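Quick notes on the structure that follows.
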Ligand SMILES: C[S@@+](CC[C@H](N)C(=O)[O-])C[C@H]1O[C@@H](n2cnc3c(N)ncnc32)[C@H](O)[C@@H]1O
């Protein structure tokens with residue numbers, strides 16, 4: 001199950017899109033996304049990224065694929081009246097989706113590859129759905145580039161590494177970032193690139209990143225016996241000391257891999 005606390009996760013995803021969009025927008029436009037195009041947004045979640053994408057294709061279309069019923073419901077309600085372009089939301093998984101080959105100018109897959117059981121197969125499908133000359137962009141993390149803080153917090157980092165290893169045992173591939181290039185290459189895409197966006201606390205300060213660093217979302221791991229109450233307490237006090245530190249800074253590197261379907 002991807003979601004344990006739906007409102008909290010929706011808030012975290014909104015904060016992530018709000019903070020990353022200006023740089024993601026720059027990369028999408030740089031890779032050729034422009035008005036009139038047909039876009040497939042794979043794993044569209046609660047719809048915040050869809051809303052931003054729609055500003056780039058007011059005369060185009062967006063097809064959203066999202067399996068989680070609570071997120072489909074949120075996106076359906078949220079996007080009403082907020083989006084000018086044509087759009088539809090299909091409730092299905094990457095493994096089960098069946099779309100028409102050669103039908104999209106752009107495919108965007110944002111922070112979903114870490115959850116896929118068979119990411120290579122899904123990439124083959126996404127590549128098939130692209131028109132010749134179309135572009136696939138996959139955005140995700142690699143846990144060996146962990147969040148960085150000033151001041152450094154080695155104790156919290158060790159506990160977060162433990163939490164991540166539990167996530168890995170539950171099937172999440174938290175080291176997926178390093179594999180994105182080869183997924184694209186093996187799906188036959190060319191003109192490959194690997195870039196990064198830095199999510200950071202910047203002028204707004206660390207409090208503006210709280211939805212990302214608040215450890216409350218790890219509470220299910222305490223209930224499951226994978227983290228102790230004492231470790232949660234350490235995580236909470238490390239966030240408190242971070243937000244009250246005079247020189248506090250937080251950043252996280254998010255990878256963006258892209259490739260193009262060769263012209264037939
Ligand atoms: C971290 S959220 C990102 C949502 C959205 N892309 C965004 O950036 O705001 C991960 C998304 O992947 C979706 N997801 C998880 N497993 C999936 C699968 N097998 N196929 C398609 N989507 C999946 C989840 O339902 C969720 O919407």
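Structural remarks
- Every residue from the range 47-81 that is out of contact with any strand residue (DSSP E or B) (no Cβ under 7 Å at 6 or more places or on another chain), away from the ligand (no atom under 15 Å from the Cβ) and not in a helix (DSSP H, G or I): 58, 59, 80, 81
Residue by residue, here is whether (1) surrounded by fewer than 13 Cβ atoms within 10 Å (Cβ to Cβ); (2) at pLDDT 95 or above; (3) more than 24 Å from residue 33 (Cα to Cα); (4) out of contact with any strand residue (DSSP E or B) (no Cβ under 9 Å at 6 or more places or on another chain) holds:
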{"position": "138", "(1), (2), (3), (4)": "no, yes, no, no"}
{"position": "159", "(1), (2), (3), (4)": "no, no, yes, yes"}
{"position": "175", "(1), (2), (3), (4)": "no, no, yes, yes"}
{"position": "189", "(1), (2), (3), (4)": "no, yes, no, no"}
{"position": "206", "(1), (2), (3), (4)": "no, yes, yes, no"}
{"position": "212", "(1), (2), (3), (4)": "no, no, yes, no"}
{"position": "217", "(1), (2), (3), (4)": "no, no, yes, yes"}
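- All of (1) over 29 Å from residue 136 (Cβ atoms); (2) assigned to a loop (DSSP other than H, G, I, E, B) hold for residue 241 with one exception: (2).
- Check on residue 117, free of Cβ contacts under 8 Å to residues at least 60 places away in the same chain, surrounded by 14 or more Cβ atoms within 10 Å (Cβ to Cβ) and not in a strand (DSSP E or B): no
- Lone unmet requirement of (1) part of a helix (DSSP H, G or I); (2) touching a strand residue (DSSP E or B) at 6+ places or on another chain (Cβ under 9 Å) for residue 256: (1)
- Taking the range 240-264 as the range and being surrounded by 14 or more Cβ atoms within 10 Å (Cβ to Cβ) and closer than 30 Å to residue 32 by Cα as the test, the residues that pass are 251, 252, 253, 254, 255, 256, 257, 258, 259, 260, 261.
- Condition met for residue 117 (at pLDDT below 95, within 14 Å of the ligand (Cβ to nearest atom) and out of contact with any strand residue (DSSP E or B) (no Cβ under 6 Å at 6 or more places or on another chain)): yes
- Scanning the range 1-40 for residues that are surrounded by 15 or more Cβ atoms within 10 Å (Cβ to Cβ), more than 16 Å from the ligand (Cβ to nearest atom) and farther than 17 Å from residue 257 by Cα returns 37, 38.
- The set of residues in the range 96-108 that are more than 19 Å from residue 70 (Cα to Cα) and either touching a residue at least 12 places away in the same chain (Cβ under 8 Å) or touching a strand residue (DSSP E or B) at 6+ places or on another chain (Cβ under 9 Å) (or both) comprises 99, 100, 101, 102, 103, 104, 105, 106, 107, 108.
- Test result for residue 221, in contact (Cβ under 8 Å) with a residue 40 or more places away in the chain, outside any strand (DSSP E or B), touching a helix residue (DSSP H, G or I) at 6+ places or on another chain (Cβ under 7 Å) and more than 26 Å from residue 4 (Cβ to Cβ): no
The values are calculated or read from the model by the stated rules, or taken from the named source; none is laboratory data. As the structure is a prediction and not an experimental result, all values here were calculated from the model. Neighbour counts run over all protein chains shown; Cβ positions are idealised from the backbone, glycine included.
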